[in-house]
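Take a look at the structure below.
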Amino acid sequence: MLKRKLPPWLALLPLLVFAALPARAEGQSLPELIRRVKPSVVSVITYNSKGEVALTGSGFFVRPGQVLTNLHVVEGAHRAEIRTFEGKGKTYAVAGLSSVDEDGDLAILSVEMPAERTNVVETAAAVPEEGERIFVIGNPLRLEGSVADGIVSAVREVPALGRIVQITAPISHGNSGSPVFNMRGEVVGIVTIRVMNGQNINLALGISRLSSLRAGERLVGFDELARGAKKDEQRSDSISDWWYRNGLNSLWLGNYDSALGYFETAVNKNPQRADAWIQVGFCKVKQGKNHDAIRAFEQALRLRPNSYEALNKLGDAYYYAGNYYKALDAYKRAVSLRPDLAEGHYNLGSAHLELGDRAGALQQAGLLKALDATLHQKLLREIGR
């Protein structure tokens, strides 16, 4: 079931630098804002079979008794516990994992604690904007409850994962699983990886990914997690999976040329991987090779005919190729599958605009109003309203 190998850049460690935070945040003083959100954040400590500390990370409460953190923080652990930052701090045992997201490197821990001791975070409804101020609370280098700030320097998309938020706040070992807060105290992302590529590049997975994590019918214990990872290594498509995951790592950085090489190797190793064909198409669009992208998305749809992702991205390929009628058709099919996803309606509205159908674009803008205020306003501006 599970297969995780940490990429080598996770072992690289930047110097931890703390920057001064602004004195005011949305009507609250900074100390008030931190006092409000800090009780939602915890340290995650894992232990090996000898009872020694194996790895430490960070996490935060998303529901009573449930803590979101990175999967790599707890994978391979014999047991784990969390420590709160409230007051002098209290330590609670982790009973197991209630949900796992391998591609997103996320896990929800079920914690044995009184429900009234839980302080659940508020999550942001919209993707943060470039230049927006943010701050991170976590456990870098076991310095529990440390605060660092910065701005959102970029937001990029990774198909099948969602939005990746690049931040300037310094990140170090122990920050894995830390919440990224906006200046209203809402979580906009989860610190997941840090790389070094000439300079520190600190990345977080957009909080919307949390919506895909649902509690399972039963808890997964740490022994079962370890057995699943070992069994996964023996799968016949494990080689293809290795190439696919390295492709995802490159996409996190926006390195589309490198990612394409990995994804093309993945589909060569296993031509039945619809998800890898979607990623090949996405990278081709980024390279401006729209006709090659169309072929890749069509192959993905032959394998997975009802894939919203493949249809939506097929619409993008036709759109950038200038074939707006086919783009419109692909977007319509995508929206019919997932009418709750705002991006599909925005894309559909854009295609209507290119075809001179202002009424059709306005109809999509009306639907967007209840789904995503930011995209609603963006489409209205493009329409000229």
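The values are calculated or read from the model by the stated rules, or taken from the named source; none is laboratory data. In this text the structure is predicted, and so the values were computed from the model without any measurement. When we count neighbours, we look across all protein chains shown, and the Cβ atoms used for this are built from the backbone with ideal geometry, even at glycine. Just so you know, the surface numbers come from the protein's heavy atoms only, side chains and all, with ligands and any DNA or RNA stripped out. Shrake-Rupley method; radii C 1.70, N 1.55, O 1.52, S 1.80 Å.
Normalising the average separation of contacting C-alpha pairs (under 8 angstrom, six or more residues apart) by the number of residues puts the relative contact order of the range 257-385 at 15 percent. Annotation for LEU219 and LYS378: the two label points, set 7 Å from Cα along the Cα-Cβ direction, are 4.1 nm apart.
Working from Cα positions, state the angle (0 to 90°, nearest 10) between the long axis of helix 290-303 and the longest principal axis of the chain. It is inclined by approximately 70 degrees. Against the chain, whose longest principal axis is taken from its Cα atoms, helix 324-337 shows a tilt of about 40°. Using 31 Å as the Cα-Cα cut-off, could you pick out the over-long pairs in LYS332/LYS378; LYS269/LYS289; LYS286/LYS378; LYS326/LYS369; LYS289/LYS332; LYS38/LYS286? Those over the limit are LYS38/LYS286. Highest average first, the peptides 33-39, 259-265 ordered by how many other beta carbon atoms sit within 10 Å of their residues are 259-265, 33-39. A 1.4 Å probe run over the protein chains yields, for the chain, 45 Å² of accessible area per residue, whole-number rounding. Note on the range 23-178: Cα-Cα pairs beyond 22 Å make up 42% of the total pair count. Relative contact order for the chain: 12 percent, from Cα pairs under 8 Å spaced at least 6 residues apart, divided by residue count.
Angle check, please: helix 238-252 long axis (alpha carbons) against the longest principal axis of the chain (alpha carbons), in degrees 0 to 90, nearest 10. On a 0 to 90 degree scale, this one is about 90.
Peptide packing: for 74-85, 48-59, the average count of neighbouring Cβ atoms within 10 Å per residue gives the ranking 74-85, 48-59, highest mean first.
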